[in-house]
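The structure appears below as structure tokens.
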Amino acid sequence: MDGHGFTRREVGILAGGVAVLFLAGTFGFMSLLDESWHAALYRTVVTASLTGLDSTPRGLGAELLTVAIVLSGVAIFGYFAAQIFDSIAHSVLGGAWRDKKRRKMIDQLRDHIIVCGYGRVGRRAGDELRAAGVRYVVLDFSEEALEHAREQDDLFVEGTGSEDDDLVRAGIDRARGIIVASDDDGDNLYITLSVKARRPGITVIARGSNEEAERKLKLAGADRVVTPYTTAGRVMAQLMIRPQVTSFVNAMTSSKTPDLNLEEIEVTSTCGAVGHTIGDLGVASRTGANIVAVRRQSGALEMRPTKDTRLEESDVIVGLGSTDEIRKLEELFEPQEQR
């Protein structure tokens, strides 16, 4: 029994027990009472179902057979009733327990990502987050989307990003970012406005269907806007023009390439790196990783930084290396009190 109904094996056992009981009772009464097959079957059915006896059986053998059929009927139908009750209890109580556990787990999350809209784009984002080990919560109202979230064992909230209460239940006040991936540009625009009005500093990555939607989403406060059709066309063209370069970039940014990783790390005031150059820190010798870019607090992106590049508070470095090298790089830049 899985909590949602009878298994085939249980159905087979139940049907087989009923068939054996009816056959044995029918042939027994035919033999002991010299009754026709249909009279004997009728006597067996009313006896086994505890609806009463048609008449008192004659003889010790018939009486003992009647007692055996009554006890067997009690056992079979008792088993059936128990399984029905167990199924209902698992469905109602088990579902309530799972919902309570899921809400508790969501309430305990910090610095997670909210995926608002769990269609094709949202599910792909979920796959990448899951592969990277990033905690996230799905927010959607579609039963199909929620069923997919259950299959993936995702944390989810049934609702819509346009409702503040649903965003709160998804942990918007504790999240570090939200991916707004609805199929409707209007919904994405409204959700972006709602999120930014509540938490101006949160990172919002929104989906837009075209350049006009991209422009409006940026005006609404979206930090980044992804237009799947424009992006797909750009990648297809680049695969024709620079196939190896494009394949390399795609591999580098995919969760399916565990041997080489790109990672963003923020330079905090307590990490001990502020005011020092990359060379001073000995990044390459101490971690084996390379810093391939630095995004300044102003938003300027400095490509190919040298060992003389000086790091400042709130800079974001982009590290390149193996999983172990990236781990060492993160340890190098973690706050000193955590070391």
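In the context of the full set of protein chains, residues of the chain present 59 Å² of accessible surface per residue (probe radius 1.4 Å, heavy atoms only). Taking a Cβ cut-off of under 11 Å around residue 182, the surrounding Lys, Arg, Asp and Glu residues balance to a net charge of -4, with basic ones at +1 and acidic ones at -1. Projecting the Cα atoms of 189, 41, 332 onto the charge dipole of the chain (Cβ charges, centred on the Cα centre) puts 332 farthest toward the positive pole. Given +1 at the Cβ of Lys and Arg, -1 at the Cβ of Asp and Glu and no other charges, the dipole of the chain around its Cα centre is 460 debye to the nearest 20.
The share of alpha-carbon pairs in the stretch 75-196 lying farther apart than 21 Å comes to 42%. Say R0 is 22 Å: what FRET efficiency, to the nearest 0.05, do residue 313 and residue 284 get from their beta-carbon distance? Computed FRET efficiency for residue 313 and residue 284: 0.45. For the chain, the carbon plus sulfur part of the accessible surface works out to 56%, probe radius 1.4 Å. The slack in the chain from residue 74 to residue 98, taken as 0.36 nm per residue of separation less the alpha-carbon distance, amounts to 5.2 nm. Sorting 27, 80, 156, 22 by accessible area puts them as 27, 80, 22, 156; the probe is 1.4 Å, largest comes first, and only protein heavy atoms count.
By the Stokes-Einstein formula, at 0.692 mPa s and 37 °C, the chain with its Kirkwood radius over alpha-carbon pairs has D equal to 127 µm²/s. Its Cα gyration tensor gives the stretch 152-247 an equivalent ellipsoid; the semi-axes, largest first and in whole Å, are 29, 16, 12. Straight-distance candidates among the lysines for linking to residue 307, with alpha-carbon spacing under 22 Å and chain neighbours fewer than 8 residues away dropped: 328. Between the residues 168, 32, 132, the greatest Cα displacement towards the positive end of the dipole of the chain, with unit charges on the Cβ of Lys, Arg, Asp and Glu, is found for 132. Taking a straight line from the alpha carbon of residue 104, these lysines sit under 30 Å away, with near neighbours fewer than eight places off in the same chain left out: 196.
The values are calculated or read from the model by the stated rules, or taken from the named source; none is laboratory data. Computed from a prediction, not measured in an experiment: that's the story for all the values here. Cβ coordinates were reconstructed from backbone atoms using ideal geometry, including for glycine residues, and neighbour counts include every protein chain displayed. Remember, those area values only see protein heavy atoms, side chains included, never the ligands or the DNA or RNA. Shrake-Rupley method; radii C 1.70, N 1.55, O 1.52, S 1.80 Å.
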